[in-house]
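Let me begin by presenting the structure, written as structure tokens, before commenting on it.
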Amino acid sequence: MADTSPSANASNQSQPRPGSPTLARPTPLGIYDRPRSEGISGIEIIAIALSAIWLLGSAVFFLSMPSAPEGQESGNRGLMFLMTMLAIFMPVGMIWVAATAAKASRVMREESQRLQAAIDAIRQAYIAQQHSRDKSIEPSVARKLDEIAAAAKKTETTLATFHTRRDAVQPARHTPPPMAPQAADDQPKLALGTSSEETAPPLPREDFIRALNFPETAEDTAGFSALRRALKDRPTAQMIQAAQDILTLLSQDGIYMDDLRPDRARPEIWRSFAQGARGRSVAALGGVRDRSSLALTAGRMKQDPIFRDAAHHFLRRFDRSFAAFEAEADDADISALADTRTARAFMLLGRVAGTFD
């Protein structure tokens, strides 16, 4: 018949089970371990010995004293008795006070050592737990992490294909000189040094606005088509590249332009900004009121020099591109551009950088 007593259960629980991963030695209880009674300590023995010596000496001294005269008043006898008791027992009390203080000091030292041992045990247990947690990651989780990293890398590669641009300096645009009249049977030729970009038609305003808003989804074919046409125009491509860089940096702090709902400014205020107005006269352009986004952007602007340089570069590019756009755009075009992701990023960064102060 199996033994089901509490002692047997306790012994069974204390035994390691077969197949357990590791057999670790028991952790000391530290401050939770009750101190064991050691009986009479050396301090108490010394105090008892000193007390006995003092009492013995006092008894010999007072018993050997001559008796008081018979005519002494009873009041003096009472005072003498009180002084005798004080002389006998006060030193004994002082001895035991000193012994108690010494014992309390020893107990405090022991408690301090036990507390330090408990802290060391907790620290070692935490380190062991961290190591075991690092080693216990399942292969499936590791595969998931690899798949996420591969998907992120693929996404970055796809975005990079849409934003590639030539770094070579292109000659300034100019109107090609008029062709000399030729005979009807001669084939017309382009002037030497004229590139295809210089002869390309200007970018339509609709494509410029659509490109600054970036494609909505991966199935937004119209948005990708407008983005490809905009990247063929070098100034617009530089503007889009600067916008993509700053939007990527903002997304690292969880700031997305689709979440912002800025106050709309009138087209004439945008025109004033394009014509060089700054400060309070164009303060309505800083219509972003999201306090968390403003605080995160301001903190990143102060602490991250890379973010600060990218932000100022983006503000300069937007200033130049919008000045050229405003000269040919009507009020409807300006209102549409103000609702793009790039324009919202300009409102946010312009307010943090103090452009509208």
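The values are calculated or read from the model by the stated rules, or taken from the named source; none is laboratory data. Computed from a prediction, not measured in an experiment: that's the story for all the values here. Please note: Cβ atoms are built from the backbone with ideal geometry, for glycine as well, and neighbour counts cover all protein chains shown. Accessible surface is based on the protein model in full, side chains and every heavy atom, while ligands, DNA and RNA are left aside. Shrake-Rupley method; radii C 1.70, N 1.55, O 1.52, S 1.80 Å.
The figures follow:
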| read-out | value |
| --- | --- |
| Positive-pole candidate from A101, L115, Y126, dipole of segment 76-127, charges at beta carbon | A101 |
| Solvent-accessible area of M108 with every protein chain in place, 1.4 Å probe, in Å² to the nearest 10 | 140 |
| Phi-based couplings in Hz for segment 223-228 (Karplus 6.51, -1.76, 1.60; Gly and Pro marked x) | x, 5, 5, 5, 5, 5 |
| Accessible area (Å², 1.4 Å probe, nearest 10) - F325 | 10 |
| Karplus (6.51, -1.76, 1.60) ³J(HN,Hα), θ = phi - 60°, over segment 341-357, in Hz, Gly and Pro reported as x | 5, 5, 5, 5, 5, 5, 4, 5, 6, x, 6, 5, 6, x, 5, 9, 8 |
| Accessible surface of E328 - all protein chains present, 1.4 Å probe, nearest 10 Å² | 140 |
| Pairwise FRET efficiency - R289 versus D319, Cβ, R0 = 25 Å, nearest 0.05 | 0.65 |
| Karplus-derived 3J(HN,Hα), 6.51/-1.76/1.60, for each residue of segment 207-219, Hz, glycine and proline x | 5, 4, 5, 5, 5, 5, 8, 6, x, 6, 9, 5, 9 |
